[in-house]
Every structure is written in structure tokens, then in C-alpha cells.
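Read through the structure below, which is laid out as C-alpha cells, and then see the notes.
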Amino acid sequence: MATNITFHAPALTRSERSALRSQRGLTIWLTGLSASGKSTIAVELEHQLLQHRNVHAYRLDGDNVRFGLNKDLGFSDADRNENIRRIAEVAKLFADSASIAITSFISPFRKDRQTARELHEVPTPGEETGLPFVEVYVDVPIEVAEQRDPKGLYKKAREGVIKEFTGISSPYEAPEKPEVHIRNVDLDVKDAAKQIVDYLDANGYLPAKKE
């Protein structure tokens, strides 16, 4: 870690920025197997928040981020760890700016997701509190995910073309106490996203819905 650095404080505190934008910043972390529907739900959730609740939200997608920020990372355990660490840091920056960061990553290891949560719990310099972290488990049986297989990844994993593939040759550690648990079998995507919005409303994370 670099040592010759100094934190440059912003002109506004987080609470002042939140007041100006009339919304709180937080991170919504969608996790689940490949083909569980994480990205589809994340897209719908972003749409509902932007179009229907008039709050700023931005989606960080597992594949999309690997085209740029994380294009130097593979899929070894070490690279997966670093992938999640970087995303957690970026999501925290969005949340600190009074935006809602929506991440959709397999993020298969509990310790990495816990690290992401703990990162949000640590206050940034000049702040007294951390940032909300909402873990969403998009839950489908491996058989269902493999049957969907829109990208043909499970087939390649079974054939040995893809090594260390989550659910086949690498483990997925399901969340034990997610804030939101979506059982995404035969569930309409709008209803899936609504489960998350309902949780945000119930916990005071969103401005009151205008009639």
C-alpha cells in the first residue's frame, strides 16, 4: 500500500450531499450462480429505480466490468478475490456519492462478500458511519441454471473447456443471511426486482413514493 498519500476531504459531507440529492447512497449486491438471472434482475431494478422512483442508480455488471476495469483478471480464486475487492471499492464510491450502486456478480465465496460488506461498514475519512450494504441472493438450483445456460458456459465447463467454473468445478457458497432472498424459478423479472424495492422501502432507503 502507498504511504505518501493524504485523503482530500470533499466540500460537502455525505449527509449534505444526500440532502441535496434527496436520496441515500447504498450498495445492492446481487449474487448467485451463472444463469440465475442476476443481470436481468439488475437491469430491471435499475430501470424501476430510475424511471419510477426518480433516484439515481448505476449498475455494475460482472461481464461488463471485465471489458475495462478488470480486464487483466482471470477466474482463478486469487483473481476472483481481486475482482470482488475492486468492485466493492467502486460500489462504495458510488454509494458515498449518494447514488445506489447495483452489482451483479457471481461472487461465489462468502469471505469475499463479507469483505465487501465490511468495506462498506468502515466510515470514509470525515464520516461517522459506514454505508448500507444489501445482499441479494438470486437463488436457482444448479439444474435450472444449467438448463438455461444462455451463454453455453455450463456445456463448455462440462466438456472441460472452461476450468474452475462455479457450480461445476469450483464451489458456490450460498449466502446464509441475505437481506433479500429471491427464488428465481418461474418468477417474473418485474416481481423479482419488486422484492428488492419493497425491502428498500421497508427499511427507509428510498424517498417516499409520489402519488
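The values are calculated or read from the model by the stated rules, or taken from the named source; none is laboratory data. What you see is a predicted model, and the numbers here were worked out from it, not measured in a lab. Using ideal geometry, Cβ is built from the backbone for each residue, glycine included, and neighbour counts are taken over all protein chains shown. To get the accessible areas, we keep the full protein, side chains included, count just its heavy atoms, and leave off ligands, DNA and RNA. Shrake-Rupley method; radii C 1.70, N 1.55, O 1.52, S 1.80 Å.
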Rounded to the nearest 20 Debye, what is the dipole magnitude of region 65-156 about its Cα centre when Lys and Arg each give +1 and Asp and Glu each give -1 at the C-beta?
460
If the elastic network links every pair of Cα atoms under 10 Å, which of 162, 196, 182 fluctuates the most in the Gaussian network model of the chain?
162
Taking trypsin sites (Lys or Arg not before Pro) in a DSSP loop with at most 16 other Cβ atoms within 10 angstrom as exposed, one finds the longest site-free stretch of the chain at 72-150
Assign unit charges at the C-beta atoms only (+1 for Lys and Arg, -1 for Asp and Glu), then state the dipole size of the chain relative to its Cα centre in Debye, rounded to the nearest 20.
360
Going through region 169-207, which GluC sites (Glu not before Pro) have at most 12 other Cβ atoms within 10 Å and a DSSP loop state?
176
Sort 93, 50 by accessible area with a 1.4 Å probe, largest first.
93, 50
Would you calculate a helix-derived [θ] at 222 nm for the chain, using -39,500 (n - 2.57) for each DSSP H run of n ≥ 4 and dividing by the full residue count, to the nearest 500?
-11500 deg cm²/dmol
What GluC sites (Glu not before Pro) does region 118-154 have in DSSP loop regions with at most 10 other beta carbons within 10 Å?
128
Once both axes come from the Cα atoms, what is the angle between helix 38-47 and the longest principal axis of the chain, in degrees from 0 to 90, rounded to 10?
30
Across 10 Å bins from 0, what is the distribution of all Cα-Cα pair distances for region 132-199, in whole percents?
18, 41, 31, 10, 0
Any chance you could count the Lys pairs in region 42-176 whose alpha carbons are under 22 Å apart, treating pairs 8 or more apart or on different chains as valid?
8
Cα centroid of region 61-81 to Cα centroid of region 135-183, whole Å:
17
Compute the relative contact order of the chain as a whole-number percentage, counting only Cα pairs closer than 8 Å that sit 6 or more residues apart in sequence.
30
